[in-house]
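Everything on this sheet refers to the single structure shown next.
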Amino acid sequence: MPWDPTQYHRFQAERSAPFFDLLALVERRPNLKAIDLGCGTGELTRQLADALPNSAVTGLDSSAQMLEKAAAFASPGMHFEQGDQSQLTGEWDLIFSNAALQWSENHPDLIPRLYRSLAPGGQIAVQVPSNHNHVSHQIYRETASAEPFQSILKGFQRYAPVLSIDEYASLLFECGAEDIIVFEKIYPHILEDSDAVVEWISGTALVPYFERLGEQKEDLVKAIREKMRDALPGQPVFYPFRRILFSARKPN
């Protein structure tokens with residue numbers, strides 16, 4: 001997908017907050033072979049690497065646009081690669097992913113596959129948005145299913161593959177994992193108005209729609225913005241962003 005790093009970074013502070021909660025779940029040991037799946041523009045991968053002394057850290061992302069920005073953060077102990085996170089190969093002491101696995105389908109298959117890539121004693125630590133029932137998501141799906149967008153999109157809709165916290169916990173247990181931690185947290189964001197909510201989803205959830213709409217993407221944004229103003233008329237707007245975080249360790 002054609003990611004826009006500038007649009008994504010419009011709410012960089014808000015998007016970064018869950019990263020630090022996820023990092024707090026990581027067992028900080030030296031000399032790890034670690035990978036950050038969906039590393040984006042690399043700033044947070046740099047912070048992950050700084051927290052893991054004498055470790056070799058790889059940032060993996062499918063977006064050439066994001067990796068172009070990430071290159072500035074490369075160092076002897078950290079490098080970046082382009083690739084598909086769902087097709088991870090190799091063996092890793094730490095598989096870390098902050099707000100990226102929601103772009104890969106079939107989590108009942110994906111999570112065990114990633115777990116199998118852990119070395120004995122290795123850890124998986126993941127954060128995914130679970131905000132797909134928020135009114136903003138309801139509105140963009142409703143708008144995309146109406147004309148003229150339904151015809152242009154050929155009926156395309158993308159639904160988040162994110163599971164419930166119970167399902168992630170069960171998957172990790174079935175994998176044989178230890179030290180399982182799974183929880184959901186709401187990050188309260190105070191945005192200027194409903195237009196700011198549209199700007200937020202324009203940097204993430206709307207990206208696959210923009211890819212298919214081409215020049216008509218601004219028409220979609222305009223239609224969503226009008227509906228959002230009716231749904232969220234106040235100023236400022238309270239935007240409760242729900243996220244799932246989980247961590248588990250593979251036995252030695």
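The values are calculated or read from the model by the stated rules, or taken from the named source; none is laboratory data. As the structure is a prediction and not an experimental result, all values here were calculated from the model. Because the Cβ atoms are built from the backbone with ideal geometry, glycine has one as well, and the counts that use them run over all protein chains shown.
What the table shows:
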quantity	calculated
Residue that is surrounded by the fewest Cβ atoms within 10 Å (Cβ to Cβ) [pool: residues in region 22-41 that are over 19 Å from LEU118 (Cα atoms) and at pLDDT below 95]	GLY40
Extreme residue, surrounded by the fewest Cβ atoms within 10 Å (Cβ to Cβ), among residues of region 146-171 that are of a type in the set (S, T, N, Q) and part of a helix (DSSP H, G or I)	SER151
Filter result for ILE224 (modelled with pLDDT under 95, among the aliphatic types (A, V, I, L, M) and surrounded by 15 or more Cβ atoms within 10 Å (Cβ to Cβ))	no
Boolean, SER55 is touching a Pro at 6+ places or on another chain (Cβ under 8 Å) and surrounded by 15 or more Cβ atoms within 10 Å (Cβ to Cβ)	yes
Unmet requirement for TYR239, which otherwise passes all of (1) buried (at least 18 other Cβ atoms within 10 Å of the Cβ); (2) farther than 30 Å from GLU91 by Cα; (3) touching an Asp or Glu at 6+ places or on another chain (Cβ under 6 Å); (4) not small (Gly, Ala, Ser)	(3)
Some residue of region 191-204 being without any contact (Cβ under 8 Å) to a residue 40 or more places away in the chain, among the small types (Gly, Ala, Ser) and over 26 Å from ASP21 (Cα atoms)	no
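One line per residue, one yes/no per condition, for (1) in contact with a helix residue (DSSP H, G or I) (Cβ under 8 Å, 6 or more places away or on another chain); (2) buried (at least 22 other Cβ atoms within 10 Å of the Cβ); (3) of a type in the set (D, E, K, R):
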{"residue": "GLY77", "(1), (2), (3)": "yes, no, no"}
{"residue": "GLY83", "(1), (2), (3)": "no, no, no"}
{"residue": "PHE96", "(1), (2), (3)": "yes, yes, no"}
{"residue": "ALA144", "(1), (2), (3)": "yes, yes, no"}
